[in-house]
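Below is one structure, written out as C-alpha cells, with a few remarks after it.
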Amino acid sequence: ATGYFSYDPGFTCTGSCLSAITFIDGPKGVCLYRGYSVPDLVDQAQALEVAYLLLVGEKPSVAQLAEFRKEIQKHMLVHEKVKAMFSNFTINAHPMAIMVAVIGALSCIFSELDPLDEEHRWLACKRLIAKVPVLACWAYKTSIGQPMMYPRADLSFAENFLYMMFATPMEEYQVNPVAAKAINAFMILHMDHEQNASTSTVRIAGSSQANPYACIAAGVASLWGPAHGGANEAVIKMLEEIGVPENVPNFVADVKAKKEGVRLMGFGHRVYKNYDPRAKVMKGLVAQVLQELGIEDPLLKVAQELEKVALADDYFVQRKLYPNVDYYSGIMLRALGIPTSMFTVMFAMSRTVGWVSQWNEMVSEGQMRIGRPRQLYVGPKERKWSESKGAG
Ligand code: SDX
C-alpha cells in the first residue's frame, strides 16, 4: 500500500530486490554508484567509464576502458532493417514513441538470445548501451526530416551523440567541447537510480526471462510518463506558462490550492526528502554551461525565483518537496539546442546503462524467481451470479 514491495526472505521475490549498484540516502540526499558519489563522478569521470563501473562493479583500468570503448563503438552499428523503420513513423510521432518501437524491434534482430547465458547477457548489455544513443539521434533527425547520421569511430560517446544530432552531410561539424562536457555530465547524472518505476519495470519484465531488448523497451515506456522521466519536458512547459519571475507567486498559490492539473514539476521525490544531490549538480552546471555558451535563457531566472519562493514556503518544506534531477536539466538541454520533445529521450539514453546493469545483476543471480508483486484486495466478498440482480 505504501508503493514499496516486500522482499520475501524465502526468495519468492514478490517485487523489489537486493542490489549492489546504486545507494540512495533519501533524508541525507546522498546518491552513490557502486560506492562512488555521483557528484564526484560527474566532476572526474567520463560517461563510458561510469557505464563500465555500473555494469561491472569496478572502475575500469586504462586497458579495460580502451577495450570497452572499442566494443561499444563496434556495436553502434544498427541493423539497416531497424533503420528502415524510421521512414514509417508519422512526422509528428513523439520521439519516445519511436524509441519504444525501435528498441523493441531490436528483439526481432536478436531473438536467439538466451538470458541465462553469460556471454549473451554481456553482448546484450553492450549492444543496448551502444545502439540506444544512435536510435535516439535518428528519432530526432526523423522528426525534423533530416538524413540520419552514422556514428564516427574517432569521436567519444558524448561527441558522437552531438555529431549524430546536429551534423548534416552538407557541412563540416565541429563538436563544441562545452556541449560535450555538458552531455557527459547529463549522461552520468541520469544513469541509474536504484528501483525507480522504469527500472522496476525492466526487472519485472526480465524476471520472466524475457528478451532484454523487449524489457528495455518496457522501461522506456514507463520512463515516458510526466510523473517520472517525462518531468524534464513538463518543467519547461510549466516555466513557459509562468513566463516571468513576477508570475511566480500566483503560480505557487495555484499549486498550494491544488488547482486542477497544477503541480510544481521537477519538485518532489518518492525517496529524496531533501535536495536531490543530482539537482544540486545540475543547478551549478546550467549556470556554467549558459555562461560559457554566452546564452541568456529567461526561463532560468523563472526557475531560480520559483525555487527560492517554494523553498521559503511551509507548504513545500512541510511536504519535503525539493528540486529533483528534472528541475534544471531541461534548461541546460535547451541551451545545447536540443528540443523539448527529446528531453526524455536523453533521459532514456542515459538510463539504459542503469537498466541493463540492473537487468544483468538480476538475471545473473542464481535461482532468479519471477517477480510477482501482491496486492491488498478491497473488492466484494464472494457472491453468487444467479442471486445477483445486476446494477441499476
Ligand atoms: C524522477 O524514483 C526515482 O528515483 C525517479 C527519478 C529517477 O532518477 O529515476 O528520480 C526520476 O522521476 C524524478 C521525479 C520527476 N517527477 C516530477 O518532478 C513530477 C512532480 N513530482 C510529483 O509528481 C511527485 O513529487 C513524485 C511523483 C515525484 C513523488 O510523488 P510521491 O512521493 O508519491 O508524493 P505524493 O504524491 O505522495 O505527495 C505527497 C504530498 C501530497 O500533498 P498532500 O496530499 O500531503 O497535501 O506532496 C504533494 C502531494 O500533493 N506533492 C506535490 C508535488 N509532489 C508531491 N505538490 C506539488 N507539486 C509537486 N511536485
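The residue list 146, 195, 174 contains one member that is in a loop (DSSP other than H, G, I, E, B), at negative phi, open to solvent by 30 Å² or more (accessible area, probe 1.4 Å) and within 16 Å of the ligand (Cβ to nearest atom), which is 195. Of all residues in segment 25-52, those that are at negative phi have Cβ atoms under 6 Å from Cβ atoms of residues that are in a strand (DSSP E or B) and not polar (S, T, N, Q), 6 or more apart or on another chain, in 31/24; 32/23; 38/31. Put simply, of 234, 253, 312 the only residue that is within 16 Å of the chain's Cα centre (by Cα) and either within 30 Å of residue 184 (Cβ to Cβ) or aliphatic (A, V, I, L, M) (or both) is 234. Residues in segment 219-240 that are more than 8 Å from the ligand (Cβ to nearest atom), open to solvent by 30 Å² or more (accessible area, probe 1.4 Å) and closer than 25 Å to residue 98 by Cα: 5 in all. Among the residues of segment 241-256, those that are open to solvent by less than 80 Å² (accessible area, probe 1.4 Å) and more than 9 Å from the ligand (Cβ to nearest atom) comprise 242, 243, 244, 245, 247, 248, 249, 251, 252, 253, 254.
For segment 312-332, enumerate the residues that are near the ligand (Cβ under 9 Å from one of its atoms), surrounded by fewer than 24 Cβ atoms within 10 Å (Cβ to Cβ) and among the aromatic types (Phe, Trp, Tyr).
At the first step, the residues of segment 312-332 found to be near the ligand (Cβ under 9 Å from one of its atoms) are 315-316, 318-321, 323-327.
Checking which are surrounded by fewer than 24 Cβ atoms within 10 Å (Cβ to Cβ) leaves us with 315-316, 318-321.
Matches in segment 312-332: 315, 316.
Every condition in (1) more than 8 Å from the ligand (Cβ to nearest atom); (2) touching a residue at least 12 places away in the same chain (Cβ under 8 Å); (3) on the phi < 0 side of the Ramachandran plot is met by residue 267 except one, and the failing one is (1). Flag not set for residue 289, criterion: within 11 Å of the ligand (Cβ to nearest atom) and either in contact with a strand residue (DSSP E or B) (Cβ under 7 Å, 6 or more places away or on another chain) or at negative phi (or both).
The values are calculated or read from the model by the stated rules, or taken from the named source; none is laboratory data. Note that this is a predicted model, so its numbers are computed, not measured. Methodologically, a virtual Cβ is constructed for each residue, glycine included, from the backbone with ideal geometry; neighbour enumeration extends over all protein chains shown. Each accessible area value is taken on the protein alone, full model and side chains, heavy atoms only, with ligands, DNA and RNA left out. Shrake-Rupley method; radii C 1.70, N 1.55, O 1.52, S 1.80 Å.
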